[in-house]
1. Of all residues in segment 215-248 being in contact with a helix residue (DSSP H, G or I) (Cβ under 7 Å, 6 or more places away or on another chain) and surrounded by 15 or more Cβ atoms within 10 Å (Cβ to Cβ), which is modelled with the highest pLDDT?
2. What are the pairs, 6+ residues apart or on separate chains, where a residue within segment 285-311 that is closer than 14 Å to residue 154 by Cβ has its Cβ under 6 Å from a residue that is exposed (fewer than 12 other Cβ atoms within 10 Å of the Cβ) and modelled with pLDDT of 95 or more?
3. Please tell me if residue 237 is under 29 Å from residue 106 (Cβ atoms) and touching a strand residue (DSSP E or B) at 6+ places or on another chain (Cβ under 8 Å).
4. For segment 145-154, give me each residue that is touching a helix residue (DSSP H, G or I) at 6+ places or on another chain (Cβ under 9 Å) and surrounded by fewer than 17 Cβ atoms within 10 Å (Cβ to Cβ).
5. Would you check if residue 299 is buried (at least 17 other Cβ atoms within 10 Å of the Cβ) and either modelled with pLDDT of 90 or more or closer than 17 Å to residue 175 by Cα (or both)?
6. Search segment 116-140 for residues that are modelled with pLDDT of 90 or more and pair each with any residue that is exposed (fewer than 15 other Cβ atoms within 10 Å of the Cβ) when their beta-carbon atoms are under 6 Å apart and the residues are at least 6 apart or on different chains.
7. Looking only at segment 247-284, count every residue that is touching a residue at least 40 places away in the same chain (Cβ under 8 Å) and assigned to a helix (DSSP H, G or I) and tell me the total.
8. Which ranges mark the strands (runs of 3 or more DSSP E) fully within segment 15-122 that have 3 or more residues being out of contact with any helix residue (DSSP H, G or I) (no Cβ under 6 Å at 6 or more places or on another chain) and surrounded by 15 or more Cβ atoms within 10 Å (Cβ to Cβ)?
């Protein structure tokens, strides 16, 4: 770093995917962006390289401040680089910021590094409380992520099988086809590629029906014998995201994190799921479905336990 750099670091109890989500949508950013006492209001957002987020930051005593962020680099879940200024005509007074997202244990370490254009601009930023403002902003993100975590569906099981056996049940397509899905549904595996960015596409045929439903995993992270992160959705036969066949208002995408831990000859399983890119109405419906989902997973895990008992 040099004498023009401001850096703020904070670690969150959420995965890089979920923290990235909070940075990449205006409805999330409007909740937490800005120092204490400021309200952020988005005018427009085009979240892509070359796109811009245009917004105001409002304070009851200090007034309203125009802002613009122009995205230079976006690596989902890892890194973003942007130019931050006050809008058209203010480019010369702007500065470049790099944000990195690094997994740290079960959480994410976020490092925000802003480089001011001159030593004078740096001194002025410090005089106006930029360093403390950055800390307050990342603190508000922590509050927002904690509130979001309260909506998670968390399922825990102790399985009477060693870790390697449980891992195989989650990562081998033939085995997944024997137990995944609602109890009694016939599962057929169409596509299976266990890697970040890979897809597991499958059909689920309800009892007494010849018309299958389709689902998919979009894998985001695979750590052997430890963790799988994926986005679960209903799909079409080609693996494209679609809606719940019986409840189209249900969130289209659910972010899941599976963690496995050996306990002697047993395995401790934790599955966490929460909707992403969901409207307030979709999130509310997800909460209404909690009891139903818990019951559905009870049947699914019963099928897993039966498979594991076969040895």
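The values are calculated or read from the model by the stated rules, or taken from the named source; none is laboratory data. For clarity, every value in this text was computed on a predicted model and none was experimentally measured. Here the Cβ is made from the backbone with ideal geometry for all residues, glycine too, and neighbour counts use every protein chain on show.
1. 228
2. Taking only residues 6 or more apart or on different chains, not a single pair turns up.
3. It is false that residue 237 is under 29 Å from residue 106 (Cβ atoms) and touching a strand residue (DSSP E or B) at 6+ places or on another chain (Cβ under 8 Å).
4. 147, 149, 151 - these are the residues of segment 145-154 that are touching a helix residue (DSSP H, G or I) at 6+ places or on another chain (Cβ under 9 Å) and surrounded by fewer than 17 Cβ atoms within 10 Å (Cβ to Cβ).
5. Here the answer is no, as residue 299 does not meet what is asked.
6. Partner pairs satisfying both residue conditions: 136/36.
7. 1
8. On the way: elements: 38-45, 52-59, 63-75, 79-85, 95-104, 107-115.
Answer list for segment 15-122: 52-59, 63-75, 79-85, 95-104, 107-115.
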